[in-house]
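These notes concern the structure reproduced below.
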Amino acid sequence: MSSSDDRYAVVAIDGPAASGKSSTAEWVAGELGYCHVDSGALYRAVTAAALRTGIPPEEWGPRLVLDAARAVSMTLSGTSMIPSLDGASAEAEIRSPAVNAAVPRVARMQQVRLWVNERVRGIALERNVVVDGRDMGTAVFPDADVKVYLVADPWERAKRRLVQHLRRLPTNEEIAAETDRLVHRDALDATQSVQARDAVQIDTTHLMQEEQVARIVALARAAIRP
Ligand code: CDP
C-alpha cells in the first residue's frame with residue numbers, strides 16, 4: 001500500500017526505446033515484492049494480434065486493431081503480468097521486427113491507448129506494481145509514488161538491445177543500423193514519451209544494471225511505507 005493513502009503503491013519507469021526499462025522494472029519488482037507490468041508488451045501484443053489478420057499495417061484503423069486486441073489477455077507469470085495471444089505466450093512474436101515497425105502506428109491510436117491504460121490501471125487496483133513504458137508517470141499514473149525516467153546514449157541502447165537478441169557481441173555496422181531504427185522509433189513515439197516534471201532522470205549509459213536497480217529501490221523505500 002502507498003504511504004499517502006490506502007491505494008496500492010505504483011513505481012513508474014519510463015524512457016525511450018531500449019533504455020532498459022523492462023528488465024530494470026522486472027528486477028525492481030522482484031526486490032520490492034511487487035508485480036511488474038510492461039505496458040510496451042501490451043502495445044506489442046495488440047500489434048502482433050493485428051498482424052495476424054494478414055491486413056497490411058497501412059490499412060489498419062482503430063476498429064480493426066481493437067477487434068484484434070480481443071485475442072490479448074494478461075496472465076501472471078512469476079511476479080510479472082505477461083500478455084498472451086489466443087491464450088498462448090507469444091514472446092518471440094511480440095519482439096519481432098514486424099512488430100517493432102508497426103507498433104508506433106498502433107500506439108498513436110487514442111482508442112488503443114485507452115484500452116491499454118484501462119488494463120494497466122486495473123492491475124494496479126489490486127496490487128502494488130512497478131509499471132514501465134512511455135507515459136506511466138504522466139498520462140497513466142500522474143500520482144505514482146515514484147517516477148523514474150531512464151535515458152541512455154542511443155548507440156549504447158542499440159548495442160544492449162542487439163546483445164539481448166543475438167546473444168553475441170554485435171558488429172559496429174549492426175549497432176549503427178539498430179541505432180537508426182531506435183532513433184526513428186523514438187521520433188514516432190515522441191508525443192507520448194515525455195518525462196514527467198517530478199520524475200527522477202537516471203542516465204544508464206555508464207551504469208551497471210544493478211546500480212540503476214539499487215537507486216530505484218532506494219527511491220521506492222524512501223517514498224513508500226510498508
Ligand atoms: O522496445 P522498447 O523497450 O523501447 O519498447 P516497448 O516498451 O516494448 O514499447 C513498444 C512500443 O509501444 C513503443 O515503441 C511505443 O510505440 C509503444 N508504447 C507506448 O506508446 N506507450 C507505452 N506506455 C509503452 C509503449
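The values are calculated or read from the model by the stated rules, or taken from the named source; none is laboratory data. Just so it is clear, the model here is predicted, and its values are computed rather than measured. Here the Cβ is made from the backbone with ideal geometry for all residues, glycine too, and neighbour counts use every protein chain on show. Calculation scope for accessible area: heavy atoms of the full protein, side chains included, ligands and nucleic acids excluded. Shrake-Rupley method; radii C 1.70, N 1.55, O 1.52, S 1.80 Å.
Before moving on, here are some points about what is shown:
- Pairing residues of segment 101-119 that are farther than 25 Å from GLU178 by Cβ and assigned to a helix (DSSP H, G or I) with residues that are modelled with pLDDT under 95 and open to solvent by less than 80 Å² (accessible area, probe 1.4 Å), at Cβ distances under 7 Å and at least 6 apart in sequence or on separate chains, gives ARG119/MET74.
- Any hit, segment 107-120, residues being within 14 Å of the chain's Cα centre (by Cα), within 12 Å of the ligand (Cβ to nearest atom) and more than 28 Å from ARG52 (Cα to Cα): no
- When LEU51 is tested against the conditions (1) open to solvent by less than 40 Å² (accessible area, probe 1.4 Å); (2) more than 13 Å from the ligand (Cβ to nearest atom), the lone failure is (1).
- With respect to the conditions (1) under 18 Å from SER39 (Cβ atoms); (2) in contact with a Pro (Cβ under 8 Å, 6 or more places away or on another chain); (3) among the hydrophobic types (A, V, I, L, M, F, W, C), ALA139 lacks only one, and its number is (2).
- Here GLU173 fulfils each of the conditions (1) modelled with pLDDT of 95 or more; (2) under 18 Å from the mean Cα position of the chain (by Cα) apart from (2).
- Those residues of segment 177-226 which are assigned to a helix (DSSP H, G or I), loosely packed, with under 14 Cβ neighbours inside 10 Å and of a type in the set (Lys, Arg), in sequence order: ARG221
- Answer residue from segment 54-76, given it is of a type in the set (Gly, Ala, Ser) and outside any helix (DSSP H, G or I) and is surrounded by the most Cβ atoms within 10 Å (Cβ to Cβ) among those: SER73
- Options ALA45, ALA12: the member that is within 11 Å of the ligand (Cβ to nearest atom), of a type in the set (A, V, I, L, M) and part of a strand (DSSP E or B): ALA12
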